[in-house]
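Step one of this worksheet: look at the structure below.
The values are calculated or read from the model by the stated rules, or taken from the named source; none is laboratory data. Quick caveat, the model's predicted, so the values are computed rather than measured. Cβ atoms come from the backbone with ideal geometry, glycine included; neighbour counts cover every protein chain shown. To get the accessible areas, we keep the full protein, side chains included, count just its heavy atoms, and leave off ligands, DNA and RNA. Shrake-Rupley method; radii C 1.70, N 1.55, O 1.52, S 1.80 Å.
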Amino acid sequence: MFIINCPYCGERDQTEFSCGGEAHIERPKQPTELSDDQWAEYLFMRKNIKGVQFERWNHAHGCRKWFNMVRDTSNDKIQAVYKMGEKPPIK
Amino acid sequence: MSKNLRINKNNFIDQTTRISFKFNGQKLFGYKGDTLASALLANNIHLVGRSFKYHRPRGIMTCGSEEPNAIVQIGNDPSLTDPNVRATEIELYEGLDASSQNCWPSVNFDIGGINNFLSPLLPAGFYYKTFMWPASFWEKYEYFIRHSAGLGKAPTKSDPDIYDHQYSHCDVLVVGGGISGIISAKLSAEKGLDTILIDDKSFLGGSTIYQENECYKINSINSNKWLANEIESLKNYPNLIIKNRTSLAAFHGYNYLLARESLTDHLSVNERKGKVRQRLWKIRAKKVIIASGSIERPLIFSNNDRPGIILSSSIKKYIDYYGVKTGENISLFTNNDSAYETAISLYKSGVKVNVIVDIRKNSESLIVKKALELGLKVLWESTVVDTQGYKRIKSFEVMKLSDDGNNVVGDRSKYNCDCLGISGGWTPMVHLFTQSGGKLKFRNDDNAFIPDENKTPSNQISVGSCNGEFKLNEIVVNTIENLKSFLSLSNSCYDEIKIICPDEKSKRNIWLLPSDKPIGKTKPFLDFQNDSTAKDVKLALREGFKSIEHVKRYTTTGMGTDQGKLSNMHALGIIADTTGTNMGELGTTTFRPPYTPLTFGAIVGRNVGEFFDHTRKTAIHNWHVKNKAEFENVGQWKRPWYFPKNGENMHQAVQRESKAARDSSGILDASTLGKIDIQGSDASEFLNRIYTNAWSKLEIGKCRYGLMLNEDGMVYDDGVTTRLGENHYIMTTTTGGAANVLSKLEDYLQTEWPELDVYLTTVTDQYSTISICGPNSKKILAKIVPGLDLSDNNFPHMSFKNTKISNVNCRIMRISFTGEHSYEINIQSNYAEDVWIKCMEAGKEFNLTPYGTETMHLLRAEKGFIITGQDTDGTLTPSDLQMDWIIGKKKFDFIGKRSLYRSDTIREDRKQLVGLLTEDPKEIFEEGAQLVENINKKPIEMLGHVTSSYFSPNLNKSIALAVVKSGKKLKGKKLIVPMENKNINVTITDTVFYDKENKRLNA
């Protein structure tokens, strides 16, 4: 169980958070202009990486804020947390 | 049998306190400090149980948590009995009642023992191979397999004991109270760090504490005396907590650990009353020091499983710690030096070892020389090839090893004995290290997997023999040095330490010892509990299994309650030898938590019975209870299901309630619906984006029904939202969806549309909702709020009014989920019960009838209103529900819009919501029943299923909603609902059964 450094509250136990899947997938601005395939790409396709993964997390049982997190799924090391809208601090 | 093998020697047992206990009904005595195993051995009892598969007699083999054989059933109370308890771990208490498992009628005469003679017919994979065919026989096979499977008996009644969970945070957690753990705890505490030291035994000191041998000295005194002083000195540290009888179960990431503390298991039953039995510690440690030690390996030779064959180090512990001789004619069989320490301990206690069989050519070690000086006889370069004795070993046979160790030469010579100690070297206990994510490396010179220091997760360290250090000087010096850097110490209280110990530890490793017989004629056991042998492993390899994970599952090696702690290494070794692989490349099977079995009680703690889950009750709950409501669980909510009167059953009550609601008036507690307060200058725009229909033009004071989709176009939730002000709405959601809808809306606001000025607040608990429906609802409301103009002009359907009931502000919405003229009163929850009672009084003359969820469902089904989650299942679009009217086609975008014209969502043969009427109007079918057209053509094509089904008292016939392939086009079509004993004929209809013109809304 991780300890997650919520950008708003500080370090808290993982049980307070919920994971919202892959980060930096922006909702298309004009969905009506997309083909079925393009829309399906947005809707269904998610990476499942063994290694460094960018994820969305929500401090569900705390401040309820969403934020981004960089986690190495092979060892669960959290490499960075940053607020929504911010650029990832690492590549 | 009634011999006393206790020696009167200065040991760790309180021989002044006698304790009586029972084993298999026989009354026996032991002493305070004994384990069940040591007390049984003192009574010369070795035979404790029968093995799992062949029912072979098995005895005590170890003295710790790695014990594979001596597992017993404790007690016989149907709620307190405890199966699969290791006799080596259970501390003796007055009145302990233990019995053997897996044997019938008794451990001495076990019918199942016939399996032993059938063993050539029961190779690895026997069950997989035999019970494959015919498939239809599986149910018959299963009955017998289930009956012969399993070791102990589970309790049949619920557990009355109390279990606790507790969180703990510390700077340093030390796991293991052996010499390296004690040194670690002292260094940590000395530095002023908050330290917890846990050990699974009742005493500290590990194996060093009873190592009475002048070959081992620390600072000029015997190592055991030195360690005793160190343990004593730990009392001086207020920042050090010591927890005995506490077993580490799991080591998760980020130094989160679970440990089970046994608090009463060592007390007599009378002393346990009112106390917590076990406590599960949830520890978050800044740093973890693993000092979990190592366990001795057995040796693998034919019939190495007989009662009386014990690990050599365990013989030593029984004599040195418990003062118990494990036999009167003991021999030892070894591949390393540690058996000689046992021989010396036995010698000092007056037991002369008959012979030591050593597979090595010789040893120059100091400890071996000492043993030889005592006149002990050693058979060098020899191996045990077989043993005799059914319920206790009687003799063993020895042969000379060939030079390369692959064969035996010469003749067998036989030695009598009643106990054979075996020592195959040591396995570091790396379970916790690997559980935490650490990776192992293989050390070839002593064939051990040890922690790889380059692949160790941060903030943890392994010290002592679990780190592969076995010589006393290495253990102590390396522990101190490693901890100085781990804990950033500049110096330590141990800097001047001086250690004397034997310096050589030679070992010759042969995983499977050779025999003069072919392997097929031998029984070299690997996994003692699951009865898998070296030949099973070889068979699995011959049959093509390559991965060790597969071999493990096929042969069940290492899959018992002991998880193969003793001899997984031998299985790996034999696989490596047979396949010509290096063990390091082969790797190990995965070590999974818990390290030793946890009780279910410890896992669930106090979260049992009414504390299993949260229960949410509405503010009107007490009234419902007083009025004999039957309750239904909706999520965590307790909702009135129906209100039976005069012994009515559910059907009768629901029929009465439904009729009353349409004939005159009904009242429902709708407080559980989710309520979200939405404010902000972009609130209207926000609603436009999340609902399928348009919101900008909704007038203040008006209500609108909204349908919410997922991005995939499937219906997610629905409810009525009311515009309270220019920038202020209140949204209702389904009861079960409330929390998820709020999260979803927050998600979009925070991540996709942060530019919107919108604030969401849940007010589900703050407001209670009382719904009054029926043709007389207006008259009832008029009595409660006499000042309010209830005319259709002033207060039409789908509008709301702010008003007061007895000076309390409330919001009244005129909305309807039943199709009747109806009102929902929303009021601050602490006034809700009063207002409810007022409504009941006002409604008395109109037969105002309280109804529950079942009647609510029936009434809405008559009107064809969906319940998301019942009529929908996440695979239906609005169009599938025949709700195209709610799609704002002109809107630029809303959640899920694009998905509504994906190639899949525009298919015409999707399942679509329809109404169903039965040919026989009295026939009611089960929800979930399948709909088919042709029952003669097999396989029968299933066209859909019933989602809601009721008997409508207002229409006096059965009605149902269903989803059916191409349902929209099938109106009037006759289909069949095949049930177990009959076929029900149905006709597809419109989804609205009652008041199609909606006249009653304004009645």
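What whole-number distance in Å separates the alpha-carbon centres of the range B:412-480 and the range B:689-717? For the range B:412-480 versus the range B:689-717, the Cα centre distance is 65 Å. Only alpha carbons enter this Debye calculation for the range B:465-608, each as an equal point scatterer, and the log10 of I(q)/I(0) it gives at q = 0.09, 0.13 Å⁻¹ is -0.48, -0.81.
So the label point goes 7 Å from the Cα of A:L34 along Cα→C-beta, right? Which residues of the range B:885-904 then have their backbone N under 11 Å from it? From the range B:885-904, the list is B:896-899. Between B:K157 and B:E980, what FRET efficiency follows from the Cβ-Cβ distance if R0 is 45 Å, with the result rounded to 0.05? Once rounded, the FRET efficiency stands at 0.85.
Between the Cα long axis of helix B:832-843 and the first principal axis of chain B there is an angle of about 40°, rounded to the nearest 10. Modelled spin labels at B:W380 and B:E908, positioned 7 Å past Cα toward Cβ, are 9.5 nm from each other. Per Stokes-Einstein, at 20 °C and 1.002 mPa s, what whole-number D in µm² s⁻¹ belongs to chain B, with the Kirkwood radius over Cα pairs as the hydrodynamic radius? For the chosen part, D equals 63 µm²/s.
If you take every residue apart from B:S684 with its C-beta less than 12 Å away from the C-beta of B:S684, what net charge results, scoring Lys and Arg +1 and Asp and Glu -1? That works out to -1. Computed extension gain for B:E94 through B:N936, at 0.36 nm per residue and net of the alpha carbon distance, reaches 296.0 nm. Relative to the longest principal axis of the Cα atoms of chain B, helix B:223-233 runs at roughly 40 degrees. Stretching B:D164 away from B:T579 to a fully extended chain increases their span by 144.5 nm, per 0.36 nm per residue minus the current alpha-carbon distance. Sorted on the mean count of surrounding Cβ atoms within 10 Å across their residues, most packed first, peptides B:64-77, B:794-807, A:57-70 read B:64-77, A:57-70, B:794-807. Counting only helical runs of four or more DSSP H residues, what would the 222 nm mean residue ellipticity of the protein assembly as shown come to if each run contributes -39,500 (n - 2.57) and the total is spread over all its residues? The per-residue figure over the protein assembly as shown is -5500 deg cm²/dmol.
Available extension along the chain between B:T17 and B:N607 is 208.5 nm, counting 0.36 nm per residue and deducting the alpha carbon span.
Inter-chain neighbour count for B:746-753: the average number of beta-carbon atoms from partner chains within 10 Å of each residue's beta-carbon is 5. For the protein assembly as shown, the Cβ-based charge dipole about the Cα centre amounts to some 1300 debye (Lys, Arg positive; Asp, Glu negative; other atoms uncharged). For the range B:725-744, the residues whose amide N sits under 13 Å from a probe point set 7 Å from the Cα of B:D677 along the beta carbon direction are B:725, B:728-731. Using the charge dipole of the range B:669-859 (Lys, Arg: +1 at Cβ; Asp, Glu: -1 at Cβ; taken about the Cα centre), state which of B:S681, B:L848, B:A739 has its Cα farthest towards the positive end. Checked the options; the winner is B:L848.
Computed with every protein chain present, the accessible area of B:V608 is close to 80 Å² [probe 1.4 Å].
Annotation: the range A:3-83 has a Kirkwood hydrodynamic radius of 13.9 angstrom, from the mean reciprocal C-alpha pair distance.
GNM on chain A, alpha-carbon springs under 10 angstrom: the most fluctuating residue among A:K47, A:K77, A:K29 is A:K29.
Here the label points at B:S413 and B:S395, each 7 Å from Cα along the C-beta direction, are separated by 1.4 nm in the simple model. Look at the dipole of the protein assembly as shown built from charges on Cβ: of B:G774, B:I497, B:M883, the Cα furthest out on the positive end belongs to B:G774.
With a cap of 11 neighbouring Cβ atoms within 10 Å, and only residues DSSP puts in a loop, list the GluC sites (Glu not before Pro) found in the range B:800-909. Passing sites in the range B:800-909 are B:E908.
Please compute the Kirkwood hydrodynamic radius over the range B:597-755, one decimal place, Å, based on all pairs of different Cα atoms. Result for the range B:597-755 stands at 18.9 Å.
Chain A packed on chain B takes about 2300 Å² of accessible surface away from a 1.4 Å probe, both sides summed. Counting every C-alpha pair in the range B:669-859, the share spaced more than 23 angstrom apart comes to 43%. Straight-line cross-link partners of B:K783 among the lysines, defined as a Cα under 18 Å from its Cα and at least 8 positions apart when in the same chain: B:K801, B:K804, B:K838, B:K844. Roughly speaking, to the nearest percent, how much of chain B's 1.4 Å accessible area is carbon and sulfur? Roughly 51 percent of what the probe reaches on chain B is carbon or sulfur. Interface residues of the range B:280-305, defined as those losing at least 50 Å² of solvent-accessible heavy-atom surface relative to the isolated chain (probe radius 1.4 Å), are listed as B:R284. The residues of the range B:888-908 listed by number as losing at least 30 Å² of accessible area in the complex, against the isolated chain and with a 1.4 Å probe, are B:F892, B:D893, B:R898, B:Y901, B:R902. Hey, can you grab everything whose amide H is under 5 Å from the amide H of B:K394? Only 5+ residues off in sequence or another chain; H modelled, so Pro and N-termini drop out. When sequence neighbours closer than 5 places are left aside, the close amide H contacts are B:Q388, B:G389. Extents of the protein assembly as shown, largest first, come to 115, 71, 62 Å (Cα atoms, principal axes, whole angstrom).
Just to confirm the number: angle between the C-alpha axis of helix B:338-348 and the first principal axis of chain B, 0 to 90 degrees, nearest 10? Orientation of helix B:338-348: about 60 degrees from the principal axis. Taking every protein chain into account, the accessible area of the protein assembly as shown amounts to 43 square angstrom per residue (probe 1.4 Å).
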